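Structure first, then comments.
The values are calculated or read from the model by the stated rules, or taken from the named source; none is laboratory data. Quick caveat, the model's predicted, so the values are computed rather than measured. So basically every Cβ, Gly included, is an ideal-geometry build from the backbone, and we count neighbours across all protein chains shown.
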Amino acid sequence: MFATFTHHAALATPLFLLVLVGYVLMRFGKWPSEVADALTRFVFTVAMPALLFNLMSDFSKLPPVDARLLIAFFGGCMLTFVIGRLIAWKCFGLDGVGQSVFALGGIFSNNVLLGIPLAKLTLGDASLPAAALVIAFNALTLWTMVTISVEWARHGAFSAKGFGKTTLNVLKNPLVSAILLGVAFGMTGLPLPYLVKEPLNLISAATMPMALIALGMGLAEYGIRQGWQISVGITVVKLVVQPLVVWGIAVLIGLPALETRTVVLLASISTGINVYLMSRQFKSIEGPVASALVLTTVVAALTVPLLLTLTE
């Protein structure tokens, strides 16, 4: 087992070192924040959509994906969300809104900037269709769940208008649009023209390092001191509870090995920056969430290889 762990650690370490490169450039190189904002925007709106469209445009040639992975992943998210709210209530005395944001920090992974690169390198290209399927449903499912939770905590109700707005925003997301358009084109069975395919290949090859450096640059904005006890709580829920719950459900429903390892990997990724945006929107535990972004990324460098080893 130790040899397997060191193998996975060796595979994952270069990726986390690229995150460190981005962090050092911003924190010690004093690069302007505009650089990080521009790179992150390019990754989210151009590079990653190009990679996902390129991948899904060969949909007819891709290996079939067991759609039950959605049950394992999002069923695990929902159960972990409940556990997170209970921990936030009992251990930290947070109100309903704080509980919801805390619980979201325990289930919303940084799957775009970190999950896809890790899946590609450690599990291979065969895992990417499964990862894309999770990403396609991720924002809508989890954003809707936490919005319902917050609105219920505030007003005891949730409006259809709010759900409609959330759905529209998700469909306008460049990542989701790229996946849906890629699948639609892939189902035609037609090859992409060379003049389209080759630029997509070139952009796709550069996407992973750019995404990881952009992640490191973004993390340089946050410290790890404010509300560290809550941050540690989010870290435990995110990096221990969620992957174990997802893994348990995957085993329970008999999910194939590749899909199981993919969803466990995605569940074990550090907390996504979108959770910080949510905490800012609802004006709740912003400091602890910002700290958790850094802490979960650092600790994930150890826990991700460990979970990959255990699920092998």
Task: Hey, residue 269 in a loop (DSSP other than H, G, I, E, B) and either at pLDDT 95 or above or within 24 Å of residue 65 (Cα to Cα) (or both) or not - done: yes
Task: Residue check for residue 3: assigned to a helix (DSSP H, G or I), closer than 27 Å to residue 305 by Cβ and of a type in the set (A, V, I, L, M) - done: yes
